[in-house]
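Values quoted throughout were computed directly from the atomic coordinates according to the rules given, and no laboratory measurement underlies them. The shown structure was predicted, so the numbers you read here are calculated from the model rather than taken from an experiment. No Cβ is skipped: glycine too gets one built from the backbone with ideal geometry, and neighbour counts run over all protein chains shown.
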Amino acid sequence: MSFLSSDYWSNRYEVGQTGWDLKNISPPLKAYIDQLQNKNLRILIPGAGYGYEVMYLFQKGFTHVNYLDFSPAPLENFKKNLPEFPEEQLFCEDFFKHTGAYDLILEQTLFCAIDPELRDYYAKKVNDLLVPGGKLVGLLFNRQFDSGPPFGGTKEEYMRRFEPYFSICKMETCYNSVDARSGTELFIQLQKSVS
């Protein structure tokens, strides 16, 4: 079964193989969100899973936050936990087929879940979805895994993949990762050109 299929990810949720699930919002993303002032930002969280970041943003008054996941299983769970969330801001689809225009895309677990051969395509797709001056902010693994998903990588690889599309505002080791990921995550803040 391909890990690029929604059935693969639905099965992982059904059998409880969700090692990526922190059961809460990721501390580096929470710290970033807490300093955001503009509640009208159009935000996309692809590979949102159980949607902790989406829920946190929505409860803080960000009205244009959008949930996207390949698998219906976590989406149904999210809807049950936050029934007041707008239905039109929920997307159960392939990220690479999604359309829209966003000021901010938050990356938590999608990049490490896709086939590494699709990483250049991911960088281009994020660029296409962001408005000029828009940002990609989030976390990437700065380590290798024996097999995947998740798939790891290095800062050097990420710089090479993202530099054709973005200004690298920040790409550094997280100071506030959860203990299990301490020293193995990069916090990224990339900005699409305004021209």
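Provide the net charge surrounding Glu185, with neighbours chosen by a C-beta distance below 12 Å and charges set as Lys +1, Arg +1, Asp -1, Glu -1. Walk me through the intermediate numbers first.
Details: positive: Arg143, Lys155, Arg181; negative: Glu107, Glu172, Asp179.
Overall, the nearby charge balance is 0.
How would you order 101-113, 41-53 from highest to lowest mean count of nearby Cβ atoms within 10 Å?
The densest-packed peptide leads the list: 41-53, 101-113.
Go through Lys79/Lys170; Lys39/Lys97; Lys79/Lys135; Lys97/Lys155; Lys60/Lys125; Lys30/Lys79 and tell me which ones have a Cα-Cα distance over 31 Å in this structure.
The answer is Lys79/Lys170.
Among DSSP beta bridges whose residues both lie in the chain, state the antiparallel percentage, nearest 5.
Here the share of antiparallel DSSP bridges comes out near 50 percent.
Hey, with R₀ at 22 Å, roughly what FRET efficiency would Lys60 and Gln189 work out to, going by the Cβ-Cβ distance, to 0.05?
FRET efficiency, Lys60 to Gln189: 0.70.
Within a Cβ distance under 15 Å of His98, other residues only, what is the Lys/Arg minus Asp/Glu net charge?
Neighbourhood net charge equals -2.
With label points built 7 Å along Cα→Cβ from the Cα atoms of Val131 and Ser182, find their separation and express it in nm.
Reported label-point gap for Val131 and Ser182 is 4.0 nm.
For Pro46, what is the net charge nearby, where nearby means another residue's Cβ is under 12 Å from its Cβ and Lys, Arg count +1, Asp, Glu -1?
Taking every other residue near Pro46 into account, the sum is -3.
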